[in-house]
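Heads up: the structure comes next, in structure tokens.
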Amino acid sequence: DALTRSVARSLEDYLARHPAAADTAQGIAQWWLPPALRHGEAVVLKALALLESAGTVERRRLPDGREVYGRPG
């Protein structure tokens, strides 16, 4: 949907400006997005799934079980 695509574009822009950034979906929803696009973690997870399938974002599981998202590499 349009909101998910807008959030995905915003996340791509954020990662272009901060290539070493990585965070949980909750942190991304709270800190990476401009206020107009802060619609909660569910929308962020959809956008991250879209970016992950495109190879733009990589999900990593930390030893404590949390998942963080960032650029592949």
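The separation of region 2-24 from region 44-70, counted between C-alpha centres, amounts to 11 Å. Across LEU15, LEU62, LEU50, mean-square fluctuation computed from a Gaussian network of the chain (C-alpha pairs under 10 Å connected) peaks at LEU62.
Put simply, the amide H of ASP23, placed in the peptide plane, has neighbours under 5 Å in TYR69, leaving out anything fewer than 5 places away on its chain. By the helix-only formula, in which each DSSP H run with n ≥ 4 contributes -39500 (n - 2.57) and the sum is divided by residues, the chain has a 222 nm mean residue ellipticity of -13500 deg cm²/dmol. Diffusion coefficient of the chain by Stokes-Einstein, Kirkwood radius over Cα pairs, 4 °C, 1.567 mPa s: 108 µm²/s. Each Lys and Arg Cβ is given +1 and each Asp and Glu Cβ -1; about its Cα centre, the chain then shows a dipole of about 60 debye.
For the chain, the longest principal axis of the Cα atoms and the long axis of helix 41-54 meet at an angle of about 70 degrees.
For the chain, modelled as a GNM whose springs connect Cα atoms under 10 angstrom apart, the maximal fluctuation among ARG59, ARG38, ARG17 occurs at ARG17.
None of the figures in this text is laboratory data; all of them are computed from the coordinates on show. Note that the structure is a prediction, hence the values are computed from the model and not measured. Quick reminder, even Gly has a Cβ in these numbers, built from the backbone with ideal geometry, and neighbours come from all protein chains shown.
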